[in-house]
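Working notes, beginning with the structure itself.
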Amino acid sequence: MMRSYVLRRLGGMAAVMFLVATVVFVIAHVIPGDPAAVMLGPSATAADIAALRVRLGLDAPLPLQYLDFLRSVAALRLGDSVFLGQTVTAALAERAPLTLTLTLMAATLATLIGVPVGILSAVKRGSVLDQAVTAVSMAAASVPSFWIGLTLIEYLAVQWRLLPVAGYGPPDAGALTHMRYLILPAIAVGLPNMALIIRFTRTSMLDVLHEDYVRTARAKGLAPGTVIIKHAFRNARTQVLTILGLVVSGLLGGAIVTETVFGLPGVGNLVVSAVLRRDYPVIQGALLVISGIYVLVNLVIDLLYAALDPRVRY
Amino acid sequence: MRHSIRGFGTSVSATLAAAAPRHVSPARLLLRRLVRRKLVLLSLLVLALVFAAAAAAPWVAPYAPQRMDILHRLAAPSALHWFGSDDFGRDVLSRCLWGARTSLTVGLLVVVIAGLAGTALGVAAGYLRRLDGVLMRVTDAMMAFPDILLAIALMAALGASAANVVIALGVVYTPRVARVARGGTLVLRELQFVEAAEALGAGGRRIMLVHLLPNLLSALLVQCTFLFAASILTEAGLSFLGAGVPPTVPTWGNMIAAAQQYMDRAQWLILAPGLCIVLTVLALQVVGDGLRDALDPKLRRIR
């Protein structure tokens, strides 16, 4: 039963990734404008442009380019960067661990604080604490992560010297040193998403706390903590899981912007510099990798969902 | 995604209930409910102020946004420059006001484009079964990219300009509106009044435009408020990264990007445009929440 469910979900994931690849192709090839001309700039000669078009395979008919593109994506061959002197796969493999670590740290932070605070806020509904939490989380969800990043740099790093300002430490430094450099960025990325998690957790808990079985558990005389954790949250956690799936996209997007603020050599930094230099193969590769991570995380969440909630039918 | 459909059903039935007392117009009733909550009222006032400031920027801004004053570079806030001046001696307050023009115009146009396109696609997907599978898989694929990344990629293909930011963000947010419109349509089309209209021989186009669309408006209005907030944030992010509105145009994101290198000497350069973004987005979110509560009695009771 479970196995066929997993297989079916894997099939669904492949279908979405096929469409994702198609969207990526459409963005780069169908939108008017000649990538080769844009990449080389206004000073390029017609011959240079034609040569680059051949190198990038842009001279072939569009359907052929599309098939070719799909074939190389399936084989994880993402082409060569125009400026970096390395393959896109190599460039991404070099930078993806940082982006993933940053996203994971931010997700951990946002969840570890967001879920308990959301539960507490729901349990103490209407109290001063609840109102304060609601106000703060609403405000935090309205702040751009890059602005939080800059403010954190200014106060925590420059003025109070608590944490490193920017960068990623020397390349041969241990994992712990790297993580130290990622603390501020993780806060900047995590904060707006933590706010979302708090608000969603609170709503899910409120839904559950109104159920009859919670009243029954209370009437039985169970300790309030037991009722909240064992009875209420157990049933709200699948909803919380769904929320986590939804914030993954926000976390990855936040990481992309925040890397630029802190000068971290991750996928985000790679994409932004690729956009400024019109390095299309790199942009395409990054789009595929980031959306691939998103789709994968959501697959895992769907599977966990089925494992946690017996009511979910395979 | 799993919740959108259920949450939607309640707000649709709420609209039907809200329309019941005949003597008060629904819009009036909605406004009365909105204003009753002080925070929502305050946010509406903030929004009115921001919109007014943006509209009146050419007349109320103390200086021209590009006017340089080399003698007063990086001046701290004072009576001369209320929010200080930047590295070219340009007045930060004036640039914030002009920035509001750009940000709000971009945000509004994105809401119009994504709102119209998303509604059309969503209602069509929800009502015409044949289209549903394809359209929803495509929105799935587009929503697999973080907003900002898809916007960056589109901007790379389109080229940096304010008009292209509108197009890019319109494309990015259309699937989100389509999702909501589809969810609502799926609920509504099972209701009896749609069945009755079908039995009377109404065609697909008439059902969608006359029977489904009006009943979706309240939910779409809420969605569009949040969309407005999201587009302002994403536009600021794009400008900040240098992939949005060209850096010479004063926008809140551009101002923060330019201020980065003077952060240690002139915090007001980052503070002023940042607060503009936060206040506007926060006010929009509060109004969006207020709208949703006002349109949905069930949610209000739970709170």
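Overview of results
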{"read-out": "Summed residue charge, Cβ within 12 Å of A:VAL115's Cβ, Lys/Arg positive, Asp/Glu negative", "value": "+3"}
{"read-out": "Sequence ranges A:282-292, A:65-75, ranked by mean other-Cβ count within 10 angstrom, highest first", "value": "A:282-292, A:65-75"}
{"read-out": "Positive-end extreme of charge dipole, the protein assembly as shown - chosen from A:ALA51, A:VAL136, B:ALA156 (charges on Cβ)", "value": "A:VAL136"}
{"read-out": "Label point distance in nm, A:ALA135-A:LEU112, each placed 7 Å from Cα along Cα→Cβ", "value": "2.8"}
{"read-out": "Fully extended contour minus Cα-Cα distance, from A:THR226 to A:MET179, at 0.36 nm per residue", "value": "13.3 nm"}
{"read-out": "Rounded to the nearest 20 debye, dipole of the stretch A:208-273 from Cβ charges on Lys, Arg, Asp, Glu", "value": "480"}
{"read-out": "Förster-model FRET efficiency, 45 Å R0, B:ALA163 and B:GLU195, C-beta, rounded to 0.05", "value": "0.55"}
{"read-out": "Centre separation in Å (Cα based) which lies between the stretch A:41-109 and the stretch A:175-216", "value": "35"}
{"read-out": "Built amide H within the under 5 Å cut-off of A:ASP80, gap 5+", "value": "A:VAL88"}
{"read-out": "Pair B:VAL60, B:ASP264: separation of 7 Å Cα→Cβ label points (nm)", "value": "3.7"}
{"read-out": "Calculated from backbone phi, Karplus (6.51, -1.76, 1.60) coupling profile of the stretch A:219-229 in Hz, x at Gly/Pro", "value": "5, 5, x, 5, 4, x, x, 4, 4, 5, 7"}
{"read-out": "Proxy reagent accessibility, fewest Cβ within 10 Å first, across A:ARG95, A:ARG125", "value": "A:ARG125, A:ARG95"}
{"read-out": "Straight-distance crosslink candidates among aspartates and glutamates, where the alpha carbon sits under 16 Å from B:LYS38 and sequence neighbours closer than 8 are dropped", "value": "B:ASP289, B:ASP293"}
{"read-out": "Degrees, to the nearest 10: A:2-29 long Cα axis against longest axis of chain A", "value": "40"}
{"read-out": "Options B:LEU169, B:THR139, A:VAL289, ranked by Cα towards positive dipole end of the protein assembly as shown, top entry (Cβ charges)", "value": "B:THR139"}
{"read-out": "Tensor-based shape of the protein assembly as shown (alpha-carbon gyration tensor, a/c under 1.5 rounded, otherwise prolate or oblate)", "value": "rounded"}
{"read-out": "Potential lengthening between A:ALA46 and A:ASP68 on full extension [0.36 nm per residue; Cα-Cα distance subtracted]", "value": "5.4 nm"}
{"read-out": "Between 0 and 90°, nearest 10: helix A:88-123 axis offset from chain A longest Cα axis", "value": "20"}
{"read-out": "Computed lengthening from B:ARG32 to B:LEU108, 0.36 nm per intervening residue step minus Cα-Cα distance", "value": "24.9 nm"}
{"read-out": "Where labels lie 7 Å past Cα in the beta-carbon direction, separation of A:ARG77 and A:SER273 in nm", "value": "2.6"}
{"read-out": "Peptide B:235-241, shielding by other chains (average Cβ, 10 Å cutoff)", "value": "5"}
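A short reminder: the numbers here are calculations on the coordinates, not readings from a lab. Bear in mind the structure is a predicted one, so any value in this text is a computation, not a measurement. Reconstructed Cβ throughout: ideal geometry from the backbone, glycine too, with neighbour counts over all protein chains shown.
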